Amino acid sequence: MTDGASEHRFPVRVYYEDTDAGGIVYYANYLKFAERARTEFLRSLGSEHHAMKEQHGVEFVVRSMEVDYIRPARLDDELTVCSSLTMLGGASMTARQIVKRDDEDLVNMSVQLACVGAGGKPVRMPGALRTALKPFQHDQ
């Protein structure tokens, strides 16, 4: 789901398996929520992971990530992962992903992704994908 072609929004429900003994989301699970959101973001643009690999011989890998945990999410919370881009290069991009509960920011992430080909070497991302991503790029 997109919001005026400026960000991609992905809903997440917090299940028991996502929480620790205290009933709050275990910190590493936010990374899973973000990965799912990025996958669905690409899918919404017509660039599913398996198709990119089969048709273009490319895939995305996480090069680095910064995470700021602001507030905890709890069991049964309805969350939204909002994704946009702060940098879009020829072979890489940086995504800003914010996990929200209603209008409250819970976790802020900056994820640098690299487009790689066979053997994990950097390659340019497909032109059609780069064009589709451009409306989601915003200055940080």
Difference of contour (0.36 nm per residue) and Cα-Cα distance, residue 132 to residue 9: 42.7 nm
Length released on extending from residue 65 to residue 88, taking residue separation times 0.36 nm less the Cα-Cα span: 6.7 nm
Set of lysines near residue 121 by C-alpha distance (under 27 Å), chain-local residues within fewer than 8 positions excluded: 32, 53, 134
Two-site FRET efficiency, residue 105 against residue 55, from Cβ-Cβ distance with R₀ of 30 Å, rounded to 0.05: 0.25
Computed [θ] at 222 nm, deg cm²/dmol, the chain (DSSP H ≥ 4; -39,500 (n - 2.57); rounded to nearest 500): -6500 deg cm²/dmol
Length released on extending from residue 16 to residue 36, taking residue separation times 0.36 nm less the Cα-Cα span: 5.4 nm
Share of pairwise Cα separations in the chain, more than 22 Å, in percent: 38 percent
Förster radius 41 Å - calculated FRET efficiency between residue 124 and residue 74, Cβ distance, rounded to 0.05: 0.45
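No value in this document is a laboratory result; all are computed from the given coordinates. Everything quoted here is computed from the prediction, not taken from an experiment. Note that we place each Cβ from the backbone using ideal geometry, even for glycine, and neighbour counts take in every protein chain shown.
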